[in-house]
Structures are given as C-alpha cells and as structure tokens.
1. Return the ratio Rg/(2.2 N^0.38 Å) for the protein assembly as shown, where Rg is computed over Cα atoms only.
2. Quote to one decimal, in nm, the extra length available between B:Ile5 and B:Phe85 on full extension: 0.36 nm per residue of separation minus the C-alpha distance between them.
3. Report the antiparallel proportion of the DSSP beta bridges in the protein assembly as shown as a percent, rounded to a multiple of 5.
4. State the three equivalent ellipsoid semi-axes of the stretch B:128-249, derived from the C-alpha gyration tensor as the square roots of 5 times its eigenvalues, in descending order and whole Å.
5. How large is the charge dipole for the protein assembly as shown, taken about the Cα centre, if only the Cβ atoms of Lys, Arg (+1) and Asp, Glu (-1) carry charge, to the nearest 20 debye?
6. Please sort B:321-334, B:83-96 by packing, taking for each peptide the average over its residues of neighbouring beta carbons within 10 angstrom, highest first.
7. Scan the stretch B:150-213 for GluC sites (Glu not before Pro) in coil per DSSP, keeping those whose Cβ has at most 16 other Cβ atoms within 10 Å, and list them by number.
8. Using bins 5 angstrom wide from zero, how does P(r) for chain A break down, in % of all Cα pairs?
Amino acid sequence: MPKIIFIQADGKEIEASGVAGMTVMETALKFQVPGIDADCGGACACATCHVYVEPEWRDKVGARNPMEEDMLDFAFDVRDNSRLSCQIKVSDALDGLRVKVPAKQF
Amino acid sequence: MSDVITTDAVIIGAGPCGLFSVFELGLLDIKCHVIDILDRPGGQCAELYPEKPIYDIPALVSVSGAELTTRLMEQAKPFHPQFHFNQMVTALEKRGENDFYLTTDGGLQFNCKVVVIAAGGGSFQPKKPPIPGIDAYEGQSVFYSVKKMEALRGRDVLIVGGGDSALDWTNNLQPLAKSLTLIHRRDEFRAAPDSVNKMRELVAAGHMQLKIGQVTGLKGEAGVLSGATVKGADGSIIDVACNALLPFFGLTMKLGPVANWGLNLNENLVAVDTAKFETSVPGIFAIGDINTYPGKLKLILSGFHEAALMAQQAFRYINPGERLVFQYTTSSTNLQKKLGVE
C-alpha cells in the first residue's frame, strides 16, 4: 500500500497508508491527520484540504487541474507547490509522497 | 424589531433536510417557517456543489445539487412554507411547554411550538484568512462582509480575492473610497466576466490599482490598520497603505450559535434519539448532518428518514391527545387533497 507522509506545521510527521485510487485527502481523513478539514467532502468546492507538495514530489504529482486552480483562490498562502489534496489520487508511483499541511486551513 | 411571527414549526436551515421537513410536517397540517443564512434555498447543495452530481438519492441515478433543491422546493410548495433568507438564528429559548422563542441577527422574532434544527454543517460564515494578528483589526479595519457601504466612504480600501464578492465590492466601493486596491494571487478571475471587465477599465483609467500577490502581514495600531504587506507573485515584497481591509475567501461552515442553546452536544454535533430525532430539549429536533446518534451516516437520504420520524413526534406536541393515523400519499384522499393532486 502506498505510504503518504503528512508533515505538520510543527514538523511532526504522520505516516498514512493509502489505497491506490483513493485521494490523498481521503487518506488524511482516514488517519485523522490534523489540519485537513475537507469541508465539502471531496467535491473540489471548498479549498480546505490545501497541502504543499514537497519539491522532490512535484513532478510525479503533476499539475493542478483548472477547477482546482480556481478553487485555490479560496485558500490562504498559495505557493507554487500548493495542491488541493482531494485532487491527488494515491498510486504506487506516489509511494512515499511527502506533503506539508498548513498551520491552519482557515 | 419587527412583530413576532407566530407559527407551528420553525425550521433552521433550508438545505435538503429542511426542505423535506416542510413536506413531512405539511402532510400532518403543521405550518412552517424556514430560516437560512444563505440568500437562497439548498444549503450545501447550493453553496458547495450546485453543479456536481449526487449519485445516492434513491431512484435518482444522478442529480445535481441545484436540481435536487429545485425538486424539493416543488415538493414543498403545496404547504406554502415561508422563507426567511440571509438570516442567522442567534438565540433560541424555551419559554414553556411547546413554546419556543427565536431571534435572528436581522431582528426577526418567532414564536413556535416545535423547532427543527436542520443546519447541516452549521452556519456558512466568511473564511477568515490566518494572517497573523488579523483578529485585532476586525470590526474597525477588517471586514468580511459589507453591511453599510457608507462606513467605507473616504477610506483607503484594500480588497483581497478574485471571486464575485471581491469583484462586486471592488466595483461598488471604488466610487466612494479615497483609494482602492485589489489584490489577487493571479491575474485571472473566476468572477463574472462583466465585473472583471469593469474592474480592468477602472484600473486602465487610473481610478484603482490591481496587484498580483498575497497579503502576508498587517501593520497598524490599536485596531486601526495602516497598511498591509504583500508578497508579489514574482517574490517581491511591497507595502500597500490602507485603513480598511476586505478579505473575500469564500465561506466555511461553523457550528455557530447552535452551540449556545443548551443542547447536549457530542463532538460539535447535536445528540438525538433514533425514534424521534429529538434533542435533549423536548420539542427541539435535529435532523441531517448536524445531528449524531449511534450509526449516524451523513447522507441526504438518512436526513429524509429523520425528517419523516421527527414529524410524527412534532404532531403529538402540536396536537396533544389527538390520534395520529398513519396514511399513504398513494391512497389517502385526505393527503392528496393537501398535496393538491386530488
């Protein structure tokens, strides 16, 4: 099972085992990762599952989709490596993926 | 304050469960007023996913949030519910048996026999960007909504965001502000094209400024803002002078005033029984996403079931001593008369 590592704002790491096809957001909820609010439940409609993809993983994770790009307008402190975790699908290629969770979604 | 509105039931929340409650209560001759913080019915279906399909409504293979709302409104129509939008219920008080008193932030007052809390994830409230120290400026210099435009006349206004609220207020406030700056993280806007064009014309004419970047810090003293630090998309850091900041980052759900009504809560959800979906206060019901009980699933279909059972108990409170005869809409002439299909 692909592992996803969620790095908290204080540096603490939470390792979660994902299932291919599930989203990174769903994986975070399953492992009760603090800081992933996911208000809308994965409809790409709230921007409260914002994460920063660690530099070494950005190419593998790929680019934002247009709907996600729009929705990121509602996130705070958007950076080049910002993604909405409900739009990243877990796969074997992403085994070991590291994402940072913002201190506060909102 | 307006006159007190007297009715049988007040439903808090005009989402799918609130709307279906109108139907279930209506079949039992219970008159309803429905209050919602949004400006239209639908709740999360309207605000979060109007165009996105829902696949688990029984018998509707796929239905959008907007379509589901329209259908529920149509179904509730024979019972003439009265809607009160843009209102948040701030206080709920039990004055006696089957005697409740509610007030809203817009000054409306209600007196009713039963209350149905169908408030979903709580109240939709503006998102507050976590800019360090922003709390200190709220109310004096930082505003998440505009109640009175006059309050911003002659001020140096900084608006942040790229959606309809940000663009509408940019265009509306520009004529009366001393100066106006719009900040957005990218040079693309998801707002209506007309408002975007109007804003671009104002920029071209030198009447306002548009900066691409994000606010990272605030400057000021004693709650009065003097400027904002903005990190440009190119990494540059600039200061923008302003004494009013309006951040528009959309809405988020907060439990809100429900937490203060003396109801038993369990992890920010209202605890109910599974026969009547009644809270710890008799006469106050909670249905849909806002309630919790063993085995609870946050599904619209579960909320519909909860509405039907809630209505049975509401009937008993409103018509004490009267026998409730269970009837089917398919065969009961009485129910069909109420539905206007007889």
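Computed from the coordinates by the stated procedures, all read-outs in this text should not be read as laboratory data. Keep in mind that what you see is a predicted model, and the values were worked out from it rather than measured. Cβ atoms come from the backbone with ideal geometry, glycine included; neighbour counts cover every protein chain shown.
1. 1.08
2. 27.3 nm
3. Antiparallel bridges make up about 55 percent of those DSSP assigns within the protein assembly as shown.
4. 20, 17, 13
5. Computed about the Cα centre, the dipole is about 240 debye.
6. Top to bottom by mean Cβ count within 10 Å: B:83-96, B:321-334.
7. B:Glu188
8. Spelled out per bin, shortest first, that is 2, 15, 27, 29, 20, 7, 0.
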